[in-house]
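The values are calculated or read from the model by the stated rules, or taken from the named source; none is laboratory data. All values reported here derive from a predicted model rather than from experimental measurement. Here the Cβ is made from the backbone with ideal geometry for all residues, glycine too, and neighbour counts use every protein chain on show. Protein only, heavy atoms only, side chains kept; ligands, DNA and RNA dropped before computing areas. Shrake-Rupley method; radii C 1.70, N 1.55, O 1.52, S 1.80 Å.
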Amino acid sequence: MKAETSEPIKERGARAAVMFAAQVTFDQVERRYGADYALKDISLDISPGEVVCLLGPSGCGKTTLLRIASGIEKPSGGRVLINDREVAGPNRFVPPEQRSVGLMFQDFALFPHLTLIENVAFGLKGLPREEARREAAAVMARVGLESFTNAYPHTLSGGQQQRVALARAIVPRPAVMLMDEPFSGLDVQLRDSMQEETLALLRETRATSLIVTHHPEEAMRLGDRIAVMRAGRIVQFGEAEDLYDHPADLFVARLFSEINEVKYEVSGGLIDTPVGQLPPPPGAKDGDTVVLCIRERDIVVNPVGQGLAGRVLHVRFLGDIDLLEIGVQGFDEPLRVRTPHYAKWAKGAEVGLTILPERVLVFPENGTDGP
Ligand code: ATP
């Protein structure tokens, strides 16, 4: 891998890769299909070398945003800039091959009739053949596939195919890497190790990276920052811890934790709960319904007599943890509580519960519908 420089390397045919990390900016980007908006008012600033995950449910516009960044698709409005150079806008459109972007798809999209080294060298068509093969071989060695150069894609496992796809995307050393659900085809164990390897490789290349996922844990693991999307908009953009601790709304809270939701009415400027009197969310007035969110992992189960009185109604073994349903003094419905399995609370046990008011979230009831 060549060292990063602050200058573009000399253009050599189709390779033309810039070697400095790139700033990627979306400025009020929108994409309409007929009267429907797939994307609306998307503004994001992604720092050079940063890894950003686009997280959201199916149909919220993640892939469309990635396609617009790559140049496969044009925005209907707004601008995309790479290093302050407009690559898509009302009066300008730079095609994908001139943007120095690498693309990696969910299904890896390897060419079945080409050997692996030919697959990897495919992105280096502008280089002399021998040089392209040499570079491809070096990247294949980097991803641990040096002994598979002459194999064909169908002979590989899912994890190996993922490595080849990754090698093919990074071999031209793109300034920006765009990855659409790159791990969704892998089983859980393999996914863990491939996430680590991929992240290490992205850090080495210093490519600014946008990774689409609909798994919150994957986004937290990979992203320096996460852009949460819903219904074509960015709902919240920030670091994982910030999104977890201070979700912008109920939708984001639900994405990052398993929560108990209990409805209350604002009265006398407060919400009166068994946990204490809590301030309502900004803008909520007396008579409004709000949702109290208590994370299942934030409830501490103690011996009886310590904290709110409760009774274990149901215990479900989930491996490392037990999911308890506990009838709790002051709550109409049982609360779900996740405790370490070793704690061994039994059905029927009388317990005490600690719920810290500062760990409780309160949101307005409405405003979270749609994909
Ligand atoms: P998934 O996680 O399922 O891939 P996504 O978040 O990537 O979903 P997109 O594929 O970007 O979502 O789609 C966003 C919206 O745009 C969807 O409602 C989709 O139906 C619509 N859409 C995407 N491409 C087109 C198209 N070519 N014509 C019409 N509508 C489209």
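Largest first, the extents of the alpha carbon coordinates of the chain on the three principal axes equal 77, 48, 37 Å. Label separation (Asp245 vs Ala200): 3.0 nm, computed from points 7 Å beyond Cα along the C-beta direction. With the convex hull of its Cα atoms as the shape, the stretch 228-268 has an orientation-averaged projected area of 4.0 nm².
Per-residue ellipticity at 222 nm, computed for the chain from helices alone with -39500 (n - 2.57) per DSSP H run of at least four residues, works out to -6500 deg cm²/dmol. Toward the positive end of the charge dipole of the stretch 146-248, with +1 on the Cβ of Lys and Arg and -1 on the Cβ of Asp and Glu, the farthest Cα among Ser147, Ala227, Gly238 is that of Ser147. Potential lengthening of the chain between Gln28 and Ala138 amounts to 35.6 nm, from the contour at 0.36 nm per residue minus the alpha-carbon distance. Rounded to the nearest whole Hz, the Karplus-based 3J(HN,Hα) values (6.51 cos²θ - 1.76 cosθ + 1.60, θ = phi - 60°) of the stretch 247-255 follow the sequence x, 5, 7, 4, 4, 5, 4, 5, 5, with x at glycine and proline. Spin-label pair Phe317-Arg297: with each label point 7 Å from Cα along the Cα-Cβ axis, the two points sit 2.2 nm from one another.
Spatially close Lys pairs in the chain, defined by Cα atoms under 20 Å apart and a spacing of eight or more places or different chains, total 7. Within the assembled protein chains, the solvent-accessible surface assigned to Ser47 is about 50 Å², based on a 1.4 Å probe. With contacts taken as Cα pairs under 8 Å and at least 6 residues apart, the chain reaches a relative contact order of 16 percent.
A simple rule links phi to the HN-Hα coupling: the Karplus curve 6.51 cos²θ - 1.76 cosθ + 1.60 with θ = phi - 60°, which for the stretch 276-291 gives x, 8, 10, x, x, x, x, x, 7, 10, 3, x, 6, 8, 10, 10 Hz, with x for Gly and Pro. The phi-based Karplus calculation (6.51 cos²θ - 1.76 cosθ + 1.60; θ = phi - 60°) puts the 3J(HN,Hα) values of the stretch 227-237 at 9, 8, 10, 8, 6, x, 10, 7, 8, 7, 9 Hz, whole numbers, x for Gly and Pro. Working from label points 7 Å from Cα in the Cα-to-Cβ sense, the Leu114 to Arg92 distance is 3.1 nm.
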